[in-house]
């Protein structure tokens, strides 16, 4: 049964190699978990995608829902920038009967640690004015930074690409 010992040795060497790949040179855990932690990746992408859809979807009759979503989903610089922008939206939406519908087309993690995520997100947005049935479609690409707080990924920075 020497072949069993050989197989066991190969399995142990492979397991050690995998652990070394997941850990840094000093034995610490690799800071980027984007490719190694499927559950955390799914949660970060899901929370951020849901937040972006909710904060960038509104109608002239209902801007409050998007504003509430922003309060729940944004913090830091992203929250301040959104509030400044949304003052204009709330003022102009009823006048022009504006509506914006946003859909996340694709989102991917650039990096992920236990409490911080960097994402690249592609959006499709449809804007309608004056109640017209057809709108203008535009694609958007965002770099997003999010932090994990109380079990929810909150967006802290948004940059248009």
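Brief remarks follow.
- Considering residues of the range 75-88 that are under 16 Å from residue 123 (Cβ atoms) and surrounded by 15 or more Cβ atoms within 10 Å (Cβ to Cβ) only, the residue farthest from the chain's Cα centre (by Cα): 82
Residue-by-condition table, conditions (1) in contact with a strand residue (DSSP E or B) (Cβ under 6 Å, 6 or more places away or on another chain); (2) not in a loop (DSSP other than H, G, I, E, B); (3) not assigned by TED's automatic domain parsing to the domain that holds residue 41:
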{"site": "53", "(1), (2), (3)": "yes, yes, no"}
{"site": "77", "(1), (2), (3)": "yes, yes, no"}
{"site": "85", "(1), (2), (3)": "no, yes, no"}
{"site": "133", "(1), (2), (3)": "no, no, no"}
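- Hey, residue 102 farther than 25 Å from residue 33 by Cβ, assigned to a strand (DSSP E or B) and modelled with pLDDT under 95 or not: no
- Scan of the range 36-58 for residues that are in contact with a helix residue (DSSP H, G or I) (Cβ under 8 Å, 6 or more places away or on another chain) and at pLDDT below 95, ordered by number: 36
- Within the range 45-68, the set of residues being crowded, with 18+ Cβ neighbours inside 10 Å and over 18 Å from residue 104 (Cα atoms) comprises 60, 63.
The values are calculated or read from the model by the stated rules, or taken from the named source; none is laboratory data. Quantities reported herein were computed from a predicted structural model and do not represent experimental measurements. Cβ coordinates were reconstructed from backbone atoms using ideal geometry, including for glycine residues, and neighbour counts include every protein chain displayed.
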